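The block underneath contains the structure these notes are about, expressed in structure tokens.
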Amino acid sequence: MPKLIGIATHAQSKGAITQHQSIQVHLKTGLENDYRGQCNPRTQVTLLSAQTWERICQTLDVKLDWSERRANLLVDDMDFSEGDALIGQQVQVGKVLLEITAETDPCARMEQLCPGLKEALSPDWNGGIRCKVLKEGTIQIGDKIQLLKRI
């Protein structure tokens, strides 16, 4: 079963990354003290697949911590290659409920980290997903993650 293996925030765009063992997720602002949730309610929380990140780093022969992707949550045993079919689906992370709203497009910063990284993250939603918060609560490393079927 998929689980949460990383949590990261940054208080401002291009700001320092802080990793957490647990964090409060708010309905209106996303992850506590993360600037992204305050910018756009449809893109409050971002998720990145650990397996996809590792595969891309291996392909590019580079070692980069997942947090350099600037995603909020690192998930194990999930991928997002279904693309647009994921939009509108809900993701349960512990007791928190999220709704997938869009792909997380890789930005120019990825190319600064490693030539070819932006291009490698571009197809098949390799860069992860964006979500809005539907139910708030606290999440922590090790929480189970479930992609809920549409009703």
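The values are calculated or read from the model by the stated rules, or taken from the named source; none is laboratory data. The shown structure was predicted, so the numbers you read here are calculated from the model rather than taken from an experiment. A quick note on method: Cβ atoms are made from the backbone with ideal geometry, for glycine too, and the neighbour counts reach across all protein chains shown.
At-a-glance table
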quantity	calculated
Candidates Val96, Val45, Val75 - the one that is closer than 17 Å to Thr29 by Cα, among the β-branched types (Val, Ile, Thr), touching a Leu at 6+ places or on another chain (Cβ under 8 Å) and touching a residue at least 60 places away in the same chain (Cβ under 8 Å)	Val45
Residue within region 110-130 that is more than 20 Å from Leu147 (Cβ to Cβ), within 11 Å of the chain's Cα centre (by Cα) and surrounded by fewer than 20 Cβ atoms within 10 Å (Cβ to Cβ) present	no
Flag for His20 being farther than 28 Å from Pro115 by Cβ, over 15 Å from the mean Cα position of the chain (by Cα) and either modelled with pLDDT of 95 or more or surrounded by fewer than 18 Cβ atoms within 10 Å (Cβ to Cβ) (or both)	no
Within region 28-68, considering residues that are polar (S, T, N, Q) and touching a helix residue (DSSP H, G or I) at 6+ places or on another chain (Cβ under 8 Å), the one nearest to Cys114 (Cα to Cα)	Thr59
Leading residue by the ranking (farthest from the chain's Cα centre (by Cα)) among those in region 37-67 that are small (Gly, Ala, Ser) and closer than 22 Å to Leu147 by Cα	Gly37
